[in-house]
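Take a look at this one; I'll ask things after.
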Amino acid sequence: MTSDHTRQRAKHGPAAWLDAVVYDLARQMRWTFLPPLMVYFAAGFSGLTGIVGTFFVKEYLDLSAAYLAGLAFWAGLPWALKMPLGHLVDIIWRWKWLLVYLGAGLIGLSMIIMYFVLTEREMMEAIMPISAWYITSFLLTPCGLVIQDAVADAMSVEAVPRVDTQGAPIPEEQSRAMHVTMQTLGRFALITGTVVVAALNIWMFRGIEAMDAAAKANVYATIYLVALSIPLVSVSGVILAGVQKYRAKHNLRKTGLSPAEADALFERPDEDTTPNPWYFIGGGAFVILTLAVGLGQVPYSQEIIFTGSMAIVLFLMRQLVATLSAAQARALIGTATIIFMFRAVPRPGDGITWFNIDVLGFDQQFLSVLSLITSVLTLVGIVVLRPLMAEKPIVWIIAMLTIAGGVLTLPNIGLYYGIQDITAPLTGGVVDARFIAILDTAIESPLGQVAMIPMLAWIARNAPSNLKATFFAVMASFTNLALSASSLTTKYLNQIYTVTREVRDPATGEVTVPADYSELGVLLIVVTAITVGIPLLVIWLVQNSRLRTSD
């Protein structure tokens, strides 16, 4: 009896928790999961140039915080093109890997542009202004990433086997568990890419505070050169998927299946996708609207494009929910609405980063350390919260994350108001400031990543088999439009509460724009109030309506 009692205690003890949280995730890993994980990893690794880009803008370009927030809006819009791309992937299922090569080419071109801007500045400037090259590179990367991401989503569905090694169908319960694991590991691979990025940046930025401008530019150029490995990783994932599929088909033929029968188990001939022109019409309308409004320099162009894009996405979502049952449709709409508002809230913008650099003395290496801490804590959060995500409703998870995020931003506000003279050294030492910055920044990235996993798993489980990529794409377009909304509201707040960094003429050293962080504190307070209040209000409204979700 003692032995049984001990085992019963162990069942509910730390060992059982560790088994359920960590070991079980490792046990559910499949060799077929690796190819899409490589594409997701490449997406996370694409952040390698993030810190470089921040300092490049600060040191070489005279762009305001509001302008950069607007640029972030434009960079987020290509993700709305996942609608036609996802549907295209469903239609050309056998040849979807070609799109990964296209995305890799765009990402590679983006990195090459910035490499030459830093190493052959005069040559590049003779063609067009450096700011134009930066903007071109800045926009090419998300275009390439969205193409690869649409294929990766489809690969993540395909990676979950439908039959065992003998060709027998895998039970539904086991299949659902593997889909949840696949989506969890997908986010894990994405964040792992950011961990590697942060570690690499720490190493490459060592001693940069003592370098002159030429030496810094050489470090920046080297990072962009290393970033060319990003498309290589994603392409390698596609090649590996082809090798795995060939070997699996070969092994099935050994069991007595004909080549046609073995092929049918992988290429889903019974689930051919009938092209729906509305997805391509919607995508075409989006492109036309963007070009017409953007190139025509129409006033409020970002707002017009956002409104038009939202109308198009909502129309296409209506096409999708028509394939679901009434209960599933209501649950999906309610969940999507909550996640949209959770991600649409504004951020402080680049002003807080400039404040950390100019006033608190954060350099490139420390920002890399901060990024590493954030990424590691995100990985821990994904793993630790995985069992909770399987047990608790999405709305409960988002509510808790919202409250936690609001509470953990309060020390950063206190830090700002704890400085008597923002032009003088920080009272109490920089160590305190760095700790608070770590505390504040470390919570931001896990919020969005953790909140998306339950929705991705829901799509993988419930979407029709011949529309998996389309469902992923349209729902991703909807939730990513929330990031565009976040960029817009961030821009508005930065126009109301103006924060400027010091800008000097590179030739004379004369200050052309003085630093002014006097309104940063109010900006932080307003952003925190909106970030906590709006999502909680939307959750309450949805959960007290017909769209109530318990998934």
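Derivation of every value follows stated rules applied to the coordinates shown; laboratory data play no part. Please read these numbers as outputs of a predicted model, since none were measured by experiment.
Dividing the alpha-carbon Rg of the stretch 271-396 by 2.2 N^0.38 Å yields what?
1.51
Could you give the distance between the Cα centres of the stretch 507-551 and the stretch 66-109, to the whole Å?
28
While we're looking at this one, here's another question. Semi-axes of the stretch 485-531's equivalent ellipsoid from the Cα gyration tensor, sqrt of 5 times each eigenvalue, largest first, rounded to whole Å?
Each semi-axis is the square root of five times an eigenvalue, giving 28, 12, 6 Å.
Over 27 Å between C-alpha atoms is what I'm after, so list which of Lys82/Lys245; Lys245/Lys468; Lys96/Lys249; Lys392/Lys491; Lys392/Lys468 land there.
Lys392/Lys491
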